[in-house]
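Here is the structure we will look at, set down as structure tokens.
The values are calculated or read from the model by the stated rules, or taken from the named source; none is laboratory data. Please read these numbers as outputs of a predicted model, since none were measured by experiment. Cβ: placed from backbone, ideal geometry, glycine included. Neighbour counts: every protein chain shown. Note: areas computed on protein heavy atoms with side chains; ligands, DNA, RNA excluded. Shrake-Rupley method; radii C 1.70, N 1.55, O 1.52, S 1.80 Å.
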Amino acid sequence: QVQLVESGGGLVQPGGSLRLSCAASGFIFSIYTMSWYRQAPGKERELVAIIHSAGMTNYADSVKGRFTISRDNAKNTVYLQMNSLKPEDTAVYYCKAMSLTLNYWGQGTQVTVSS
């Protein structure tokens, strides 16, 4: 059974940091492209960061220089280090696993940036 379980969300003040984790099981993690999306209230879900199986990464312009995506294939886990957080980063953050034929989503974790 495929599972993607996000953790690490919470309430943080502007300028603060959080590290999200997404633990995967039930599929061959190392060959999947992994990504983080987010969805703010009243807005569409958007791509935040992506890491390919070989390690190449890409970021949304809004988070470049502040967020870092990484993966640990030995632990079947993908991470999102978020620094210099802003109120506009407030959203539910979702983990996604992609292959040529299959997509899997996690249940999401809430990140709230507020003073």
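Okay, here's what the table says:
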read-out: Within the stretch 100-115, considering residues that are in a loop (DSSP other than H, G, I, E, B) and open to solvent by less than 40 Å² (accessible area, probe 1.4 Å), the one farthest from K43 (Cα to Cα); value: G106
read-out: Top-ranked residue of the stretch 7-41 - restricted to ones that are in a loop (DSSP other than H, G, I, E, B) and at pLDDT below 95, ranked as least open to solvent (accessible area, probe 1.4 Å); value: F27
read-out: I69 vs. criteria in contact (Cβ under 8 Å) with a residue 24 or more places away in the chain and over 14 Å from the mean Cα position of the chain (by Cα); value: no
read-out: Only one of L47, L85 that is in a strand (DSSP E or B) and among the hydrophobic types (A, V, I, L, M, F, W, C); value: L47
read-out: Flag for S35 being within 14 Å of the chain's Cα centre (by Cα), closer than 12 Å to A97 by Cα and among the hydroxyl-bearing types (S, T, Y); value: yes
read-out: In the stretch 72-97, the residues that are open to solvent by 60 Å² or more (accessible area, probe 1.4 Å), of a type in the set (G, A, S) and free of Cβ contacts under 8 Å to residues at least 60 places away in the same chain; value: A74
read-out: Evaluation of Q1 against (1) of a type in the set (S, T, N, Q); (2) modelled with pLDDT of 95 or more; (3) more than 14 Å from the chain's Cα centre (by Cα); (4) not in a strand (DSSP E or B) (one fails), failing number; value: (2)
